[in-house]
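The values are calculated or read from the model by the stated rules, or taken from the named source; none is laboratory data. All values derive from a computational prediction rather than experimental measurement. Cβ sites come from the backbone with ideal geometry, for glycine too, and all protein chains shown count toward neighbours. These area figures cover heavy atoms from the full protein model, side chains too; ligands, DNA and RNA do not enter into them. Shrake-Rupley method; radii C 1.70, N 1.55, O 1.52, S 1.80 Å.
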Amino acid sequence: MADAVVIPGARFGPGAPLLMYSGDVAEQRGASVHRHSWSRELPELDQPEIEGWVGGEIDPLIDTIGGRPLLIGKSLGTNAAAIAAERSLPAVWLTPLLTLPWVVAALSRATAPFLLVGGTADRVWDGAVARRLTPHVLEVEGADHGLYVPGPLTDSVAVLGRVVVAVEEFLDAIGWPS
């Protein structure tokens, strides 16, 4: 059986809509979904030590699960890109921190495919970097770090639908679970 690990951001837990629905895509494909919540107080988010802190939270979970789970992370959780690179794990990275050099370096080392999802109004998104790193990119015009877009709230809900479709298409493209 396949597994997926949902890794939250700093402000919203694994049940936030972007992470919940992305994890649900894996679950509908028969995966066991492991939704992680941070167990310790967060350190400084923009310092290189955060990568090791995230690893200290996520590595033991992956060791317990075993195998090659799909990683699904948002924002802070994208610091787990180093784990994905080391273990050759496929991943879905929502609003990745593409302005942090260690996150970009980890993504550059990845050998398993990954999807990057971000918005042009997000200060930590860099579309050019994303497209250089992977052919699997969903860039949402005008979306901020929460993937909200200006206008009626229903427009942002529609973005959530686009993310679900992108995750489904990515997993189809890579044949996950195989």
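In table form, for the structure just shown:
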| quantity | calculated |
| --- | --- |
| Filter pass, Arg123 being of a type in the set (D, E, K, R), more than 27 Å from Tyr148 (Cβ to Cβ) and in contact (Cβ under 8 Å) with a residue 24 or more places away in the chain | no |
| Set Gly23, Gly9, Gly13: member being in contact with a Lys or Arg (Cβ under 7 Å, 6 or more places away or on another chain) and at pLDDT below 95 | Gly9 |
| Selected residue [open to solvent by less than 10 Å² (accessible area, probe 1.4 Å) and either at pLDDT 95 or above or touching a Pro at 6+ places or on another chain (Cβ under 9 Å) (or both)] from Gly119, Gly142, Gly175 | Gly119 |
| Selection status of Ala130, open to solvent by less than 10 Å² (accessible area, probe 1.4 Å), modelled with pLDDT of 95 or more and small (Gly, Ala, Ser) | yes |
| Flag if Glu139 is out of contact with any Asp or Glu (no Cβ under 6 Å at 6 or more places or on another chain) and in a helix (DSSP H, G or I) | no |
